[in-house]
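The block underneath contains the structure these notes are about, expressed in structure tokens.
The values are calculated or read from the model by the stated rules, or taken from the named source; none is laboratory data. Just so we're clear, the structure is a prediction, and the values are computed from it rather than from any experiment. A quick note on method: Cβ atoms are made from the backbone with ideal geometry, for glycine too, and the neighbour counts reach across all protein chains shown.
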Amino acid sequence: MEKIDSHIARIQSKVQDLLKKHTDLQKLVSKQKETITALKQKEEEQQNKIKALEEQQYILKSAAGKLNEADKKAFEQTIGKYIREIDKCIALLSE
């Protein structure tokens with residue numbers, strides 16, 4: 001009987017260890033998810049900043065008259081996109 005009790009106690013100890021490890025792993029996964037979310041948000045902010053800086057670069061090159069044909073075409077497309085967005089806003093405000 002003592003042998004069975006010691007065997008059960010050993011199994012309970014192992015189960016408790018596994019439960020503790022499981023809990024620790026869940027906490028680790030949760031922290032890593034938070035880190036991933038923060039990094040994705042930071043990446044998005046960096047992408048927005050890059051886009052803004054590229055637009056500033058086009059504006060500066062345009063003002064200096066140093067745009068090559070490809071840059072000029074991209075700049076005109078960007079300006080066209082902004083004009084369409086402004087037109088949409090004006091149309092919505094007019095309703």
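May I ask you to verify whether LYS49 is part of a helix (DSSP H, G or I), under 30 Å from THR78 (Cα atoms) and of a type in the set (D, E, K, R)?
yes
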So which of LEU60, LEU28 ends up being surrounded by 10 or more Cβ atoms within 10 Å (Cβ to Cβ), within 35 Å of the chain's Cα centre (by Cα), at negative phi and modelled with pLDDT of 95 or more? LEU28
Are any residues in the range 51-71 within 19 Å of TYR82 (Cβ to Cβ) and among the polar types (S, T, N, Q), and if so, which ones? GLN56, GLN57, SER62
Filter result for the condition that a residue is exposed (fewer than 10 other Cβ atoms within 10 Å of the Cβ), in a helix (DSSP H, G or I) and acidic (Asp, Glu), over ASP17, ASP5: ASP5
Can you name the number of the only condition in (1) touching an Asp or Glu at 6+ places or on another chain (Cβ under 9 Å); (2) not in a helix (DSSP H, G or I) that LYS66 fails? (1)
Contact list please: Cβ distance under 7 Å, first residue in the range 67-95 and under 14 Å from GLU54 (Cα atoms), second residue part of a loop (DSSP other than H, G, I, E, B), pairs at least six apart or on different chains. PHE75/LEU67
